[in-house]
Amino acid sequence: MAPMMDWTDRHCRVFHRTLSRRAELYTEMVTAQAVIHGDRDRLLGYEAEEHPVVLQLGGSDPALLAQASAIGADYGYDAINLNCGCPSDRVQSGCFGAVLMEKADLVAECVAAMRAAQPRPVTVKCRIGVDDQVAEEVLPAFLETVSSAGVSHFVIHARKAWLQGLSPKENREIPPLNYELAYAMKRAFPQLELCLNGGVASLDAVPAHLEAGMDGVMIGRAAYHDPANVLLGADSRLWGDEDPVKTAYEAAVAMRPYIAKHLEAGGRLHHITRHMLGLFTGQPGARAWRRLLSEAGGRREAGLADYDAALARLDASAAA
Ligand SMILES: Cc1cc2nc3c(=O)[nH]c(=O)nc-3n(C[C@H](O)[C@H](O)[C@H](O)COP(=O)(O)O)c2cc1C
């Protein structure tokens, strides 16, 4: 599962974990500054069942990143990932994210400091280049330089980021995908663990990338909008394990105790169910589920009875 700001918060990750025990989950990006100066439990707290879970950091100051990595390791994250792919303006002005594709030496310094500060693996998520860089030259040079600082796991979002003129959303759609270049990197650096990201739309699409040599596949938007289509059955198909649930409905039921606990602690139903609207995409009752949960989400006092009503409606749709 890809790191996605505002989307892959702890509630979302707990939900995704009900569908797959094996998929690696990523936090939203948290800046090193925020980890150091912000409300740590709010930014870094997570549920024990989320493992394996990776903390993604944003930043480009080796000392701050080292400090933030050590704090993340103390929280028990399984790995610390550095964001070298996010193109948003806010992130560019702080000199981090995709602009770091132009500064491989600085990235190497950052990851060396992050590794020295704590014992967890440090990984990098990058693009294939930015702006008018020649991806076929820049990406191998980037991997060479950064891996020489001790990083052996990279996630390659297989398109460029254009730093001027495109919104972050457009930067996930307009620059063309180049899977072949990611495959070529795996051939050139067989000792590195390279995961492919970008435009993968379903679990069915994963094996072809693995057969092409990639060590893993990271999925973002498709998994968020249609989680069952990506995560349901992943454990058996990709790892040969038993799946934690067999149906989307079982996943919805499995979420009930977590939702109850959150409500009892004073949280809102919407905090959790906003991530679950797409669970039944393409199935009978999907529209009613989305509508009932969205309506309940607008009410501060919405509770477990509203969730149960949405579940009951699905029972009725399945029986019809
Ligand atoms: C709403 C949203 C927020 C995102 N936030 C982050 C982020 O915090 N860090 C990051 O590295 N990428 C972020 N991304 C990019 C995704 O991790 C991923 O690289 C991109 O969506 C391409 O994968 P996909 O085609 O499977 O969605 C975000 C994407 C979306 C849609």
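Computed from the coordinates by the stated procedures, all read-outs in this text should not be read as laboratory data. Values in this document were obtained by computation on a predicted structure and should not be read as measured data. Neighbour counts run over all protein chains shown; Cβ positions are idealised from the backbone, glycine included.
Springs between alpha-carbon atoms under 10 Å, Gaussian network over the chain: tell me which of I174, I219, I156 tops the mean-square fluctuations.
I174
Between A305 and E144, how many nm apart are label points set 7 Å from Cα along the C-beta direction?
So the label points at A305 and E144 sit 6.7 nm apart.
Less than 19 Å apart at the alpha-carbon level, and either on another chain or at least 8 residues along: which aspartates and glutamates does that give for K261?
D9, D41, E47, E49, E50, E250, E301, D306, D308
How much length is gained if the chain between Q191 and R22 is pulled fully straight, taking 0.36 nm per residue apart and subtracting their Cα-Cα distance, in nm to one decimal?
Numbers: separation 169, 0.36 × 169 = 60.84 nm, distance 2.29 nm.
Length gained between Q191 and R22: 58.5 nm.
Students often forget the sequence filter, so: which aspartates and glutamates lie under 20 Å Cα-Cα from K103 once same-chain residues fewer than 8 apart are removed?
Counting by Cα, and skipping residues close in sequence, K103 has these aspartates and glutamates nearby: D61, D89, D131, D132, E136, E137, E144.
For E47 and D204, calculate 0.36 nm times their separation in residues minus their Cα-Cα distance, and state this gained length in nm to one decimal.
Values: separation 157, 0.36 × 157 = 56.52 nm, distance 2.90 nm.
The E47-D204 span can extend by a further 53.6 nm.
For the chain, modelled as a GNM with alpha-carbon contacts under 10 angstrom, which of A23, A158, A208 fluctuates the most?
Among A23, A158, A208, the largest GNM mean-square fluctuation belongs to A208.
Quick one: Cα centre-to-centre distance for the stretch 111-183 and the stretch 1-56, in angstrom?
Cα centroid to Cα centroid, the span is 21 Å.
Running Debye on the stretch 80-182 with equal point scatterers at the Cα sites and no solvent, what base-10 log of I(q)/I(0) appears at q = 0.10 Å⁻¹?
Log-scaled intensity ratios, in q order: -0.25.
Is the stretch 10-237 best put as rounded, prolate or oblate by its Cα gyration tensor, with a ≥ b ≥ c the root eigenvalues, rounded for a/c under 1.5, and otherwise prolate when a/b is larger than b/c, oblate when not?
Working: a/c = 1.37, a/b = 1.01, b/c = 1.36.
Because its axes are fairly even, with a/c under 1.5, the stretch 10-237 counts as rounded.
Relative contact order of the stretch 31-148, please, whole-number percent, based on alpha carbon pairs below 8 angstrom and at least 6 residues apart.
On the way: 194 pairs, mean separation 30.3, N = 118.
Across the stretch 31-148, relative contact order equals 26 percent.
Among all the lysines, which ones have a C-alpha under 18 Å from K169's C-alpha, if same-chain residues fewer than 8 places away are not counted?
K125, K160
In a Gaussian network model over the chain where Cα atoms closer than 10 Å are linked, find which of H157, H225, H37 has the largest mean-square fluctuation.
Highest fluctuation of the listed residues: H37.
So for the chain, averaging the separation of alpha carbon pairs under 8 Å that are six or more residues apart and normalising by length, what relative contact order in percent results? Let's see the in-between values first.
On the way: 589 pairs, mean separation 47.1, N = 320.
With pairs under 8 Å counted, the relative contact order is 15 percent.
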